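Taking it in order: structure first as structure tokens, then the write-up.
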There are 2 protein chains.
Amino acid sequence: MRPTVHDIAAAAGVSLATVDRVLNQRPGVRHVTREKVETAIRELGYIRDVAAANLAKGRTYPLVFILPASDNSFMHGLNAEIRQAILRSSAERTDIRTIEVSAFDPAALVSVLEGLSQEKRCGIAMVATDAPEVRDVVDRLVRAGFSIVTLVSDLTGSLRHHYAGIDNIAAGRTAARLLGRFLGARKGEIAVLAGSMLVRDHRERLEGFTSVIAEEFPDLAILPVLEGRDDPEVAHMLVADALSRNAGIVGVYSLGAGNRGLVRALKEKAVDRTLTVIAHELTVHTRAALIDHTIDAILNQDAGHEVRSAIRVLKAKADGLAVIEAQERIRLDIFLKDNLP
Amino acid sequence: MRPTVHDIAAAAGVSLATVDRVLNQRPGVRHVTREKVETAIRELGYIRDVAAANLAKGRTYPLVFILPASDNSFMHGLNAEIRQAILRSSAERTDIRTIEVSAFDPAALVSVLEGLSQEKRCGIAMVATDAPEVRDVVDRLVRAGFSIVTLVSDLTGSLRHHYAGIDNIAAGRTAARLLGRFLGARKGEIAVLAGSMLVRDHRERLEGFTSVIAEEFPDLAILPVLEGRDDPEVAHMLVADALSRNAGIVGVYSLGAGNRGLVRALKEKAVDRTLTVIAHELTVHTRAALIDHTIDAILNQDAGHEVRSAIRVLKAKADGLAVIEAQERIRLDIFLKDNLP
DNA sequence: GATTTTTTGATTTACGTACATCAAATTTGG
DNA sequence: CCAAATTTGATGTACGTAAATCAAAAAATC
């Protein structure tokens, strides 16, 4: 049987009340006594029964999700997963709130975070916009005792506790290798469709992609990046235009959202030529395109996993517990038409 | 706040004791009274607080893992993950035991299961050997109230509650498409290395593989399957022999274990020719081979996820709770050298 | 050494559920 | 209508922890 507070009290030769004071860092314990108790805790390998503690405290975990107000399938999916999590919140003792901020807008994000810093402590999961002022508020919040995980897009160099998202450089590299290998000996040009080069995850994907193409597939040339702003209409226009004007395009890498427009452009302009296409994010549109061979492979991050992982990590941080690292690694899913879920 | 037993009692106009009798299906409640309580439960949307209930009961979840005594990296990994789970068992209230049975031996598996049927109820996670007599015991155990999930290898047609493993047909199909696309226009023969055609997952992978090759890559011919019995030495011998005798081999699909032998054979016999190789299971050997380009892609199932998923499902079944389906889907991981974990 | 302050102990209640006991009420059978 | 059987209520204890109160002991201050 695992030891209880009673065992600790007995082992340390103190009363239950003192053990409680130590465990919950309440004042009024001499240094030496505190040490005795801490030694007993270590030696007996005591671990607080979180379930019992939560029951006694009537505890809930206040969590806030901060999301960009972007109108694309991926963000809708992420929202849906958060709603699912809210449905489970009574069983999981969470109390989840979501806040939308305008996309690509560091100032808006900063003001929301500053608002939170005035409130009582909570766990924060945020899709980070990569800017120094954001980093600063995040660091301040962490120092003030908030737990923060970045979601989908990271904020490297900050004190955030965890990143629940894929390795975007690896994703770009993987896309490049798949494209290169699928094209085999073919030479030609590659069109790259991104959302915006202001977003870190898109920059990283592109970085990974270009470096592998350059290193290992010298016969392929990458055309200037098309920035579709994750908008299907813009994406359609840009891709259709590129395909019309450049007959040497043999492959397309779409590393952002707005793939509905991409697919439409491909069906209009690329019926006659055999293009190899890799896109990000599994949605109804990309899924259909994968099945009808318009797209050859889809790289995906599982929004459900990301949300559940963020919640698990934030709860664990709030309790000062360790997480199972391997469980929280968000994997890059590669879908061909044969392994669709 | 979620409703408690007290709320149910008040709403149904009965005492706490009666609610308790209904909830824990104890005798001594008239039919009409039971209905009243059940109505109140439904109307208030009462859900038992599992944490509090487990605390009160001092409950632990007795779980048994039944594994084949196979000496390969994958099974070692699976074992390691179970040991990790055992380390967490006090926090998760599990009481995990593992039983080894000789591999590919339905009779041995049946006798272990029959032994368990004599003991008190528990949750069972088993690597199934696909045989009618196994199906029969499993069905009997399920009817007797045991929860059963199959692990890695399924037992379709049985009453098992859940399968924690990948879709092996999809895995085979995916391997075929990757190999076909990587080979591009090249024609030639494909060597397939399996463990044993007596194992369901290997049969299914082969089935998926051959069907996609036949449908979509008619220029590729599949050679008779090499059965390496998941043994590195046998695998080495078979693959080396095949490569020596057949100059037309352009690709290899290794759908079982024993890849250490495969890699050795490839390095000896295939230095001069450009083979495309797809293998299953990420181990130290396949990982190194992926990095040095001996292998082109690795298909993997995450043993850690499988074990954790099996445990979550068995616990949920024991409590009569629903599982998050999407969370329990075991995905086929595709690793190129760029997205290794 | 007396007084104040700090530290510690003892005890209680609570969280939501399980489970047991005994008494009281109700139903059933004759 | 009475006795027996069944059903229901009332109550208490337990699980492991949190949190509060008040008394007692120890340490620090003068």
Region A:168-300 - Rg over Rh from alpha carbon coordinates, Kirkwood radius: 0.92
In degrees, nearest ten, helix A:132-143 long axis to first principal axis of chain A (Cα): 20
Rounded to 10°, Cα long-axis angle of helix A:73-87 versus longest principal axis of chain A: 20
Per-residue average of Cβ from other chains inside 10 Å of B:171-184: 4
Selection from A:263, A:242, A:169, by position along the positive dipole direction of the protein assembly as shown (Cβ): A:169
Rg over Rh [alpha-carbon atoms, Kirkwood Rh] for region B:5-47: 0.90
Most positive-pole-ward Cα, B:19, B:41, B:29, against dipole of region B:5-47 from beta carbon charges: B:29
Viscosity 0.890 mPa s, 25 °C: Kirkwood-radius Stokes-Einstein D of region A:248-330 over Cα pairs, µm²/s: 165
Anchor residue B:36: aspartates and glutamates whose Cα lies under 19 Å away (excluding residues fewer than 8 positions away in-chain): B:7, B:20
Protection proxy ranking, peptides B:200-208, B:280-288, average beta carbon neighbours within 10 Å, highest first: B:200-208, B:280-288
Neighbouring partner chain Cβ atoms per residue of B:85-93, average, 10 Å criterion: 2
Under-5 Å amide H pairs with residue B:258, H placed in peptide plane, nonlocal only: B:73
Across the identical copies, how the residue A:288 labels are spaced - nm, sorted shortest first, 7 Å along Cα→Cβ: 4.9
Dipole in debye (nearest 20) - the protein assembly as shown, about Cα centre, beta carbon charges: Lys, Arg +1; Asp, Glu -1: 2000
√(5λ) per eigenvalue of the Cα gyration tensor, region A:142-244, largest first, Å: 31, 18, 9
Buried accessible area, chains B and A (both chains, 1.4 Å probe, Å² to nearest 100): 3600
Å² of accessible area per residue within region B:5-47, as computed with a 1.4 Å probe and no ligands counted: 65
Selection from A:301, A:111, A:52 lying farthest towards where the dipole of the protein assembly as shown points positive, charges on Cβ: A:52
Column: log10 I(q)/I(0), Debye, Cα scatterers of chain A, q = 0.11, 0.13, 0.15 Å⁻¹: -0.78, -0.97, -1.18
Neighbouring partner chain Cβ atoms per residue of A:51-58, average, 10 Å criterion: 3
For region A:168-300, size of Cβ-based charge dipole, Lys and Arg +1, Asp and Glu -1, in debye: 180
Evaluated at q = 0.05 Å⁻¹: base-10 log I(q)/I(0), Debye formula over Cα of the protein assembly as shown: -0.29
Across the identical copies, how the residue A:159 labels are spaced - nm, sorted shortest first, 7 Å along Cα→Cβ: 5.7
Distances in nm from residue A:120 to the matching label points in the other copies, shortest first (labels 7 Å along Cα to Cβ): 4.1
Size of electric dipole in chain A: Cβ of Lys, Arg +1 and of Asp, Glu -1, about Cα centre, debye, nearest 20: 1120
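The values are calculated or read from the model by the stated rules, or taken from the named source; none is laboratory data. Just so we're clear, the structure is a prediction, and the values are computed from it rather than from any experiment. As a convention, Cβ positions derive from the backbone with ideal geometry for all residues, glycine included, and neighbour counts pool all protein chains shown. These accessible areas exclude ligands, DNA and RNA; they are computed on the full protein's heavy atoms, side chains included. Shrake-Rupley method; radii C 1.70, N 1.55, O 1.52, S 1.80 Å.
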